[in-house]
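Accompanying notes for the structure given below.
The values are calculated or read from the model by the stated rules, or taken from the named source; none is laboratory data. Because the structure is predicted, anything quoted here is derived from the model rather than measured. Here the Cβ is made from the backbone with ideal geometry for all residues, glycine too, and neighbour counts use every protein chain on show.
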């Protein structure tokens, strides 16, 4: 008896066949040849759907993908320079299929400053992330953009022992706790 038959018998004790079918996706046992054919059919269907998408649908889909990628990265415990605010903003501009100049104008930010933010040479302020939220049709919330900035700052605080030591030497009358 296969494992699927065992599962079915167990479920059959409490559910009807119709309830089981409605609530589950039961995998088919396919041969290698059948699986390859099914994969090719699925791939062809997906390409057909992609080709039929309008530009607005493509942008919407790609912005959601970007949002989920950012949120997934934010859940990770490490900082990756390849996923910095500037890199994500560059991907945002690419998705929109607009020039950097046009996006900077849309956001009412001087192009030089926008370029510095894109290249991770300047940190954006809170007003900038509010503008990005609005510009993205609120698909990517300001808080998501902001968390990218704080992730980098948190990394820098953990790594910057030299500045920490220098600034500690400037402190007088520090509170001392005795156990």
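Summary of values
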| item | result |
| --- | --- |
| Condition check for residue 90: assigned by TED's automatic domain parsing to the domain that holds residue 61, closer than 20 Å to residue 67 by Cα and touching a residue at least 60 places away in the same chain (Cβ under 8 Å) | no |
| Members of region 125-143 that are part of a helix (DSSP H, G or I), under 19 Å from residue 110 (Cα atoms) and without any contact (Cβ under 8 Å) to a residue 40 or more places away in the chain | 126, 127, 128, 129, 130, 131, 133, 134, 135 |
